[in-house]
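Reading through the structure tokens given below for one structure.
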Amino acid sequence: MHEALIPLQTEIKTFEEQLPTLRTKFPIGTYVLFMGTCLVGGFATYSAALEAGYEKAGTKPFLVKQVSKAGEDVQYVYGLRA
């Protein structure tokens, strides 16, 4: 794991564990927001998910990740403020 992602280990693990369920709960392409082990919600756009993350998490780490089809690799998108 890249060192920049270390603060998001919990969110990444939770996302990976929940991905099969997320694929049935949300349309492919939806951006989901995780704070810790909590799924905050699904959003139609990256910007909406990112905005919600900053509103709810403030300066704490959060993860925005796009729900992809099985076998597709989507890059991690995350919000960290210095």
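General remarks:
- Relative contact order %, region 22-68, counting alpha carbon pairs below 8 Å whose residues are six or more apart: 48 percent
- Within the straight-line cut-off of under 25 Å between alpha carbons, the lysines reachable from residue 69 are 13, 25, sequence neighbours fewer than 8 places apart in one chain being disregarded.
All of the numbers you see were taken from the coordinates with simple rules; none came from a lab. Keep in mind that what you see is a predicted model, and the values were worked out from it rather than measured.
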